[in-house]
1. With the stretch B:51-140 as the region, which helices (runs of 4 or more DSSP H) entirely inside it contain at least 2 residues that are within 14 Å of chain A (Cβ to nearest Cβ) and either on the phi < 0 side of the Ramachandran plot or buried (at least 19 other Cβ atoms within 10 Å of the Cβ) (or both)?
2. Looking at the stretch B:435-455 only, could you name the residues that are at pLDDT below 75 and either outside the structural domain of B:GLU410 (by TED's automatic domain parsing) or buried (at least 17 other Cβ atoms within 10 Å of the Cβ) (or both)?
3. When the residues of the stretch A:179-209 are narrowed to those that are open to solvent by 10 Å² or more (accessible area, probe 1.4 Å) and not in a helix (DSSP H, G or I), which ends up farthest from the other protein chains (Cβ to nearest Cβ)?
4. Which one is surrounded by the most Cβ atoms within 10 Å (Cβ to Cβ) among residues in the stretch A:396-423 that are away from every other protein chain (no Cβ under 11 Å) and among the small types (Gly, Ala, Ser)?
5. Applying the selection to the stretch A:397-417, what residues are assigned to a loop (DSSP other than H, G, I, E, B), at pLDDT 75 or above and not charged (D, E, K, R)?
6. When B:SER117 is evaluated against the numbered criteria (1) within 23 Å of the chain's Cα centre (by Cα); (2) at pLDDT 95 or above; (3) not aliphatic (A, V, I, L, M), which criterion, by number, is the only one it fails?
7. Residues A:GLY264, A:GLY281: which one is open to solvent by 20 Å² or more (accessible area, probe 1.4 Å), touching a strand residue (DSSP E or B) at 6+ places or on another chain (Cβ under 6 Å) and closer than 29 Å to A:LEU204 by Cα?
8. Residues in the stretch A:381-395: is at least one open to solvent by less than 20 Å² (accessible area, probe 1.4 Å), at pLDDT below 75 and of a type in the set (A, V, I, L, M)?
There are 2 protein chains.
Amino acid sequence: MTAAVSDRLEHRAQRLAAHPRFWDETRETQPLEERKKLILERIQKQIAYAYEGLPFYRKLYDRHGVKPSDIRTMEDFTQRVPVVTKQMLRDAQAEYPPFGSYSNTPPEQIARIYGSSGTTGVPTLYAISKSDWARATEAQAMAIWAMGVRPGDVVHFVFPFGMFIGGWAIMAGVERVGATVFPVGAADSKRHIDLIQQLRPTVLAGTPSYVLHLADVARSIGVNLRSSSVHTLIVGGEPGGTVPGSVAAIRGGWGDDIIVCDTGNTSECFPTQMNSSCDQGQGVHVFEDEVYLETVDPDDTRCRAPDGEFGATVYTTLWRESQPMIRFFAADRARLVHGTCTCGRTYPRLPEGMIGRLDDMLLVRGANVYPSAIEGALRQVPGVGAEYRIVIERKGALDELRLQVEPDAEWTKLQTADAHALLAQSIVERLRREIGLRVGVEVVAPGTFEKMLFKARRVIDRRPAER
Amino acid sequence: MTAAVSDRLEHRAQRLAAHPRFWDETRETQPLEERKKLILERIQKQIAYAYEGLPFYRKLYDRHGVKPSDIRTMEDFTQRVPVVTKQMLRDAQAEYPPFGSYSNTPPEQIARIYGSSGTTGVPTLYAISKSDWARATEAQAMAIWAMGVRPGDVVHFVFPFGMFIGGWAIMAGVERVGATVFPVGAADSKRHIDLIQQLRPTVLAGTPSYVLHLADVARSIGVNLRSSSVHTLIVGGEPGGTVPGSVAAIRGGWGDDIIVCDTGNTSECFPTQMNSSCDQGQGVHVFEDEVYLETVDPDDTRCRAPDGEFGATVYTTLWRESQPMIRFFAADRARLVHGTCTCGRTYPRLPEGMIGRLDDMLLVRGANVYPSAIEGALRQVPGVGAEYRIVIERKGALDELRLQVEPDAEWTKLQTADAHALLAQSIVERLRREIGLRVGVEVVAPGTFEKMLFKARRVIDRRPAER
């Protein structure tokens with residue numbers, strides 16, 4: 001271990017020693033049975049609130065013949081309350097713009113509005129009330145504190161700041177614990193690396209693939225991030241921060257002593273960091289007294305996955321006044337285990353974090369991406385032909401997305417390596433700008449692919465079959 | 001006037017009627033003489049604080065033979081206290097990284113770090129303490145309130161969120177007054193226009209040139225922003241929001257009834273909105289009891305410009321504990337007038353706002369841009385030849401920047417219109433990504449320009465000579 005490496009951990013240890021271990025000890029170390037009781041009470045309240053005030057839930061529950069008073073046990077909850085899907089949210093927003101009938105916060109009470117892109121290109125918008133924002137900030141701080149971030153830490157953000165809530169939520173938590181926010185956002189990789197050397201931040205927050213990419217770029221320009229000032233990486237927005245293969249790759253670039261903290265659940269269920277690692281590397285903690293997580297049989301959402309076995313994720317916000325989500329079927333793949341962590345927290349954990357989506361939406365570099373959104377962006381680049389393929393491969397533990405694109409006839413006439421490289425570059429830049437996606441692009445010979453005329457399936461998924 | 005237009009103003013009027021007119025009435029309507037006394041006291045305190053705690057100021061004042069106790073009147077202040085230039089800040093940061101010897105805030109007390117790009121590519125970094133951030137937020141709220149933004153207003157941000165503090169500062173003020181933040185940030189223009197229609201925000205914040213650009217794009221796709229939900233535009237980061245020509249152009253795109261509020265002083269002197277319009281269109285108010293503004297003879301900074309005549313701007317922060325700026329020579333061109341505004345505020349005003357920089361740095365679309373930064377980005381694009389020109393023209397009241405670029409030899413062989421268009425597009429996208437600059441790019445025939453080998457001056461300034 002080099003001197004620089006031990007320096008960063010030593011500084012960290014000094015900071016940790018100067019502060020209590022927990023943000024809210026009573027809450028974080030609460031005995032399981034006690035917490036379960038609390039969760040049930042909150043679920044009952046949240047359901048009653050939604051049923052009384054939000055037409056979306058009233059209609060849904062009436063259609064399924066469920067009344068709030070029917071939910072007397074956790075089993076009732078799982079077996080009787082129907083799930084909510086993303087499509088249902090989209091339909092509700094189309095019918096009752098802009099926020100859908102599952103949200104009724106008065107305009108004066110809305111603190112922030114975020115959103116996510118959808119299949120149709122129409123984003124789903126989320127309104128967060130002022131009191132929800134304040135409460136969520138406290139919960140985010142609890143998660144950030146569990147990662148070992150303390151006053152005096154400088155958190156360099158490489159997450160872009162836009163409609164996607166991920167980086168903003170982490171920022172709110174970092175600010176609340178009293179650490180320093182350095183919000184660089186979307187910038188050139190070289191610029192980020194220069195800033196790491198100039199400012200010497202101690203924590204860096206971004207998607208796992210971008211964090212890996214930064215290490216690659218650093219190596220290529222002769223900068224060794226293994227001996228940088230950064231002791232902790234907060235990674236989220238896509239799987240990777242908990243899966244051993246990808247964590248090993250991250251350690252390869254950032255040093256064997258780097259602390260990797262995985263974070264994030266789903267944009268619909270704010271606060272978004274309620275699945276977050278502590279600094280012990282024992283998997284992702286589920287702060288289930290804030291956003292409750294069930295893992296279920298993907299084909300029968302009324303049936304729970306046994307403890308320790310894989311299932312599909314279903315989330316329930318326990319405190320939201322604006323946009324409560326009750327049994328939101330995110331359909332990530334994960335398994336829950338119980339037992340106190342070495343950090344002392346009694347929350348259940350996801351030992352592998354979230355290891356992939358179950359539906360046809362692609363989860364790539366920090367955002368939900370729909371093939372149709374890629375197509376939408378691609379189609380705007382002059383020179384792009386009719387056919388292309390989206391190739392997804394497992395690289396280490398991360399999913400990597402690559403585009404193979406045929407040029408159009410006009411472009412085909414140019415037939416020079418430069419022209420092809422330039423077309424590829426235009427596509428790369430368009431995708432980055434339009435949908436915030438960094439991908440590899442290869443321009444292939446015209447006629448490489450079979451023409452698809454109806455219900456095209458242009459996604460080639462080469463990931464292992466266990467998915 | 002169409003029904004939609006009167007709708008937006010009517011909604012606005014209802015909101016205004018429900019709240020007091022001032023954020024801090026006593027402060028905002030304070031008699032001039034009383035405020036002057038207060039300002040002098042604060043200046044004296046700020047100078048004493050800097051002289052005692054910050055080596056940068058102690059050395060500077062010792063070298064000029066000034067002691068804090070020498071400053072007994074405002075005349076003493078202007079005549080005896082030397083100005084601070086951007087170059088002095090840069091040098092101090094190079095000598096005492098990362099924040100320079102004009103900043104000594106303990107790491108645990110730093111809330112945020114921002115920065116601006118410099119000639120050398122090394123950004124100047126600004127650390128803002130927690131108490132400064134809190135106090136500044138209150139001052140920003142005062143400015144945002146004066147614009148007529150109230151709870152229930154939805155503020156759509158088209159300012160990018162990165163190291164540049166502009167959009168963040170406005171955001172803090174908007175949040176503090178209790179309006180809703182919709183932080184879209186950097187996105188495709190079409191996406192912004194779609195969101196305006198989907199969400200119906202009431203306020204939009206961005207640079208004046210981007211706001212104009214949005215109106216152009218909207219027109220080209222058949223969307224009429226003149227009858228949109230937006231009643232107020234908060235524009236800043238470059239001149240334009242107060243100059244009649246550009247305001248008229250903005251009204252052309254956004255409707256005759258649109259309220260245009262200009263804002264911003266200089267990144268170095270946070271809070272950054274202390275030169276801000278109210279909603280009366282009487283010019284920019286200078287909230288001089290927070291950041292004090294002198295206008296001086298650009299060739300003799302000890303000599304004030306007479307009231308109502310043009311001079312170069314010199315700023316002094318009155319409350320900062322982190323990075324106090326005392327007589328920071330921003331060298332913008334502006335003229336100060338006194339007299340109570342129709343809004344009732346007694347602050348002095350800049351009737352034309354800030355109408356241009358005095359040094360060779362370019363102020364374009366919300367950021368300080370140095371020709372060397374443009375060159376740096378340009379040089380990375382494959383296909384770009386040795387020579388290019390940066391052409392600056394006055395378009396209405398806005399400065400517009402355009403690049404003319406020769407292709408390199410390899411590229412010249414391609415010789416197709418497509419190839420040239422593609423090269424231009426690559427350059428546009430590189431500049432946007434690298435230095436956040438949107439410019440028009442024209443690929444010209446090789447040999448168009450004289451080769452420049454030493455101390456090249458590639459900036460062609462076609463702005464009127466009165467600059």
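The values are calculated or read from the model by the stated rules, or taken from the named source; none is laboratory data. Fair warning: this is a prediction, and the values are worked out from it, not measured in the lab. Note that we place each Cβ from the backbone using ideal geometry, even for glycine, and neighbour counts take in every protein chain shown. Note: accessible area is taken over every heavy atom of the protein model, side chains too, but ligands, DNA and RNA are not part of it. Shrake-Rupley method; radii C 1.70, N 1.55, O 1.52, S 1.80 Å.
1. Where helices (runs of 4 or more DSSP H) fall fully within the stretch B:51-140 and carry at least 2 residues being within 14 Å of chain A (Cβ to nearest Cβ) and either on the phi < 0 side of the Ramachandran plot or buried (at least 19 other Cβ atoms within 10 Å of the Cβ) (or both), they are B:86-95.
2. B:ILE435, B:GLY436
3. By that ranking, first place goes to A:THR207.
4. A:ALA397
5. Within the stretch A:397-417, A:THR416 is the sole residue that qualifies.
6. (2)
7. Answer to the check: A:GLY264.
8. no
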